[in-house]
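See below for the structure under consideration.
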């Protein structure tokens, strides 16, 4: 599915969010500013938006992005090459639930709009914990559902009708954006997701809701020692 929509993925993100997704990504990356990570893993990197933005703002030594969709990675590699960042950003085919790196490899891990697609959420989180160094930080950016009653109706109308129609028009794939709505509804968000992070082994877990709760940033630290 992601291979099929890769050619319009960036356009769809900008269009469906009104461009606010750029702000969401920037806010997520800001969570790593004080840590000053030098080696970062971007899981479910897609077309490398977060990887590229992370390098721009944090200037780490290396960013590795992994994704199971070759179609998305192809677009991402073209963007990285155009920006002359091939030495700093490397994109690889990789499964979040079987990360092909040794324990304690990365200072930080980012995941933007990817964890709700994990087939086994706990396994994916466990793999990310494994490859983080002690003291390293996980930052997850994910869609969530607004809590304010007055906004829920508008949000549900948009996700059920407008987004799938727009997806069909722009990407010729209505199912992908119907899947977006279904996956957001099914995701264990908020305090439930923080509990899953804690059960997996992350500490100092936090969440920050953005844009009336449409999106949430989750953070967790790998304990030292």
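Quick notes on this structure:
- Computed over the range 87-167: relative contact order in percent, which uses C-alpha pairs under 8 Å that are six or more apart: 32 percent
- Extension gain (nm, one decimal) between residue 87 and residue 23, 0.36 nm per residue minus Cα-Cα: 20.4 nm
- Theoretical gain in end-to-end length, residue 33 to residue 102 [0.36 nm per residue, Cα-Cα removed]: 22.4 nm
- Order by protection proxy (mean Cβ within 10 Å, highest first), peptides 136-145, 206-215: 136-145, 206-215
- Efficiency of FRET between residue 147 and residue 224 - r from beta-carbon atoms, R0 25 angstrom, step 0.05: 0.15
Computed from the coordinates by the stated procedures, all read-outs in this text should not be read as laboratory data. Please read all numbers here as calculations on a predicted model, not as lab measurements. Please note: Cβ atoms are built from the backbone with ideal geometry, for glycine as well, and neighbour counts cover all protein chains shown.
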